[in-house]
Structure formats: C-alpha cells, structure tokens
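A quick write-up on the structure given underneath.
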Ligand code: ADP
C-alpha cells in the first residue's frame, strides 16, 4: 500500500495519523496520505512566504519557462497521471487523460498569458504621469475538490504562480494523489522549493487551519456552497480576497427548431461526464413541449446503451466518488420517484463487473416540478431532471429559477432566439448549440448568484491572482 507524505518546502513530511484513499471502482483502500493539522499547515505557509519573497522578483520570462517545463513534464507523464487520477476518482481513463492534457495546457496558457500581461498608462493631464502595475498577492491558498483534482489545480495554481504568488494547496481528502505527484513534477521542472506546497488531510482540520492562517493573502475555493460560506467567513475575518466556484444546476434548453441529432450526444455527455459530478453538469433539461416526447425517448434509449464499469477499464460511465455520495444521489432519485416519473435507471449497481464500487445507473426523471428539491438542488450524480416549457418567456423563467447561475446551453436554429436567451439567462457561461466547449482553458468561468464569484480560466483568471498598483507622478 502506497503511503505518501505531504509536500512542504520541497520535501515529503509524515504525520502520526493518516488518511485512507479509496478506489471508488472497487471500494478498496489503495493508498494513505498524511493527516495534516495546524502544525504542518503552519510549516507550509511559512515555506510559501519565504519562497514568495523571491519568486515575485524572478523575471517573467523565467517564471514562464518554469511553467512551460511543468507542462512538458505533465505531457511526458500523462499516462501515469491519468491512471492515478482515474483510480482515485473513478473517472473513465480517457476522461482522466483529457483532464491531464488540459492541466498541461493551463501551465502553457498562463506562461504565455503572463508574458503578454502589462499594466497601462492613464492620460490624466499634462502635469502628471500615471501608470499601473500588477503585483502578486503573496501566498495563495487553494482548496480543491475531488471531482477534477488535476484540472482545478491547473486552473488556479498556474495563474497564481505566473503572477508571482506562491501556493499552499489542499487537495480533497478523497483524491489527493495527483496533486502530490504534480508537486514533485513542479520541483523537477525547476520551481523553487516552497513555491508549491501540497498539504493533505481533512477539510475540517487541514482545510480550516489553512483558510484561518494569518500568512495567507488570497483563497481560491471550489466546492460546496456550505463550505464556501465557512471559507468566506474565514477570509472576511482577515479581509483577504476569495475566488469561489460553488457549483450549479445548469440547464440545457432545447427549442422545437433545434437540430436534435446534434443536441442529443452533447446533452447526454453534459450529464454523464464524470458521472454527473461536475460543477457545470447539464443537470436540467428544459425542453419545448412539442418535441418533449421525442427527445426524452431518445435520451432514454441512449442511457440504456451506456457502457458502465470500473475506471481503468475505460467505460463511458464510472462510479461515484464514495458510498456517502451514492446514498445522497439515490435519495434525490427517491424524491423524484415520489412526484415525477423515472424514465430510465434509478438504481445502484452492485456485484459482477461493479463489485463493491459506488455505481449508479444513468437516470432520467421526467416531469420534475421546478420548485421541488430535485428541481432546485445540485445532485452531483448521473441524474437528468426534465421539465417542459411552452415559449421562450417560460424557458427563461425556468432557466433562471434556481439559486445557481453557472452555465446554460441553448439549442435553437433561430438566431434571434439564441441572442435573446444569451441576454436573458443569468449565468457565467451561455453556450448556443454546444455545451462546455471542450474544456477550453481560454474561456472565463465562474458563477452568478449562489454559484460563486470571481472568474477563473482565460486572461480573466490571471487578474484574480494579482492586484493593481496605480502610480501618480507629478511632472
Ligand atoms: P464536496 O461536497 O464536493 O466534497 P466540499 O465543499 O465538502 O465539497 O469540499 C471541497 C474541498 O473543501 C475539499 O478539499 C475539502 O477538504 C475542503 N473543506 C471541507 N470543509 C472545509 C472547511 N471547513 N474549511 C476548509 N476547507 C474545507
């Protein structure tokens, strides 16, 4: 059994207690990591502070070179990283491979972004010269969830390092292994010791100690609304900035004039990818009543043909992350069963190919009351909730009718309908006749309403990790 220390100041550190890491495809513990507490967190933050004092002064071209080298090493180790990611999360191997490649792209993208990122001059009047410069925050804390451990690491650590910050990263207790491996690769790439520390452990102990530490200057968090609130309060106590990405209840809205053959595979993938454990999952289908029966029937047929199995066998659909998560998802399905109609799936899968893994069938629930718990709350499982609409006004009301506002998909052949929906939908990303845009690292991503605040990814993502200084010089 693998036993891994946390990575602090470039070295592994052990703790008395350990945290088990379970393979969701088999239900078996296959690794153990350090159970960091306040003492280890303090060591990591102090190491990051020391590294940050010099990293910010390293010339941009050199910082970019190190980031590109990290990307190159991720590329060289794609097969191993993808295997580890698939094993610890249960995601199908090809998805894990794609996640690894996207993570490499984040390091390349932010290497280029920082090389072309400048302040500005402001023409106030003839007697003053005004310019702005960008400066790093100092030490940034990164609290990462278990659903996309590598990708979310890439999208927040790469821009933070590019801007000149140093990082303390706490991966989720369920899936910490690829972050530790990436920390080692970053050292091999030439990143100074202490510039990226990886502290493993539980949220309530390691995570809470990190977010409360006075040596942290910025927090980026992706996870649940409940924990987001706790972290916001910890940040408020010390008035430090936070970036929060807190999930969604994102709809695909399908008008009668949509190209169904084009929409169908994308809609199905948007809810089954990563077994629906995706912040931006297309978990609601809002479909115009005249094509409702046709589309729901075809989705049910597609769900019935999905290959489900252990992550390393590279199925289309893997298990959920844990038994706890499976129970949660099944209880949402039961709520649907009580008031709506299960058109496909609805159960757990055990035995045979599924063994003791945490598998749930792809589940299609029709006639979901938009005001119900199932219509409002994030399920985080392969469960698609369907509601019909009559006209565009009703579609907008339904789309905006939850507390979330992360992503939306609109399917129509009418250009006016498309633009009207983009204007009226309250969400950080609106896709028309596509969904998710293949994880493009260039696309600013983040929520309206309870889905969070701040934007990650793209050039916007870099700004969140820096602060502007304005210089005013009298001539
Ligand atoms: P999920 O419901 O998807 O597991 P969470 O919001 O519980 O998401 O967890 C996301 C990340 O936040 C994980 O790394 C977890 O360890 C961490 N976390 C959980 N509770 C706290 C807390 N009180 N303070 C800081 N981090 C936490």
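A few notes on this one:
- Here the simple spin-label model places points 7 Å from the Cα toward Cβ, and for residue 193 and residue 470 these points are separated by 4.3 nm.
- Ranked packing of 159-171, 116-128, most packed first, by mean Cβ within 10 Å: 159-171, 116-128
- When the convex hull of its Cα atoms is viewed from all sides, the range 421-475 shows a mean projected area of 6.2 nm².
- When you work out D = kT/(6 pi eta Rh) for the range 200-358 at 4 °C and 1.567 mPa s, using the Kirkwood radius from C-alpha pairs as Rh and the Stokes-Einstein form, the result is 70 µm²/s.
- Rg over Rh, two decimals, the range 323-475 (C-alpha only, Kirkwood Rh): 1.10
- Per-selection metrics, the range 44-87 (Cα): Rg and Dmax in Å: 14.5, 39
- Cα-based equivalent ellipsoid of the range 23-134: semi-axis lengths in Å, sorted from largest, via gyration tensor: 39, 21, 13
- Sorting the segments 195-202, 426-433 by their residues' average number of neighbouring beta-carbon atoms within 10 angstrom, most packed first, yields 195-202, 426-433.
- Each listed q (0.24, 0.29, 0.31, 0.33 Å⁻¹) maps to a log10 I(q)/I(0) for the range 81-127, found by the Debye formula over equal Cα scatterers with no solvent: -0.80, -0.95, -1.01, -1.06.
- For the range 136-237: relative contact order, % (alpha-carbon pairs under 8 angstrom, 6 or more apart): 35
- Expressed as a fraction of 2.2 N^0.38 Å, the C-alpha radius of gyration for the range 276-380 is 1.09.
- Considering only beta bridges that DSSP places wholly inside the chain, some 45 percent are antiparallel.
- For the range 112-153, the spread of Cα positions along each principal axis, largest first, Å: 55, 21, 13
- In terms of overall dimensions, the range 366-456 has a Cα radius of gyration and Dmax of 13.5, 36 angstrom.
- Computed over the range 168-270, the P(r) tail beyond 16 angstrom holds 68 percent of alpha carbon pairs.
- Burial ranking of peptide ranges 204-216, 142-154, 48-60 (average Cβ count within 10 Å, highest at the top): 142-154, 204-216, 48-60
- In terms of Cα atoms, the Rg and Dmax of the chain work out to 22.8, 80 Å.
- Set against the 2.2 N^0.38 Å expectation for a compact globular protein, the range 320-397 has a Cα radius of gyration ratio of 1.21.
- Counting 0.36 nm for each residue step from residue 94 to residue 294 and taking away their Cα separation leaves a gain of 68.9 nm.
- Reduced Cα scattering model of the range 82-172, Debye log10 I(q)/I(0), q = 0.13 Å⁻¹: -0.55
- The range 166-320: relative contact order as a whole-number percent, Cα under 8 Å and 6+ apart: 16
- Average Cα contact separation per residue, the chain, under 8 Å, 6 or more apart, as relative contact order %: 19
Here, each number is a calculation from the coordinates, and none is a lab measurement. Here the structure is a predicted model, which means the values were calculated and not measured. Note: ideal-geometry Cβ built from the backbone for every residue, glycine included; neighbour counts use all protein chains shown.
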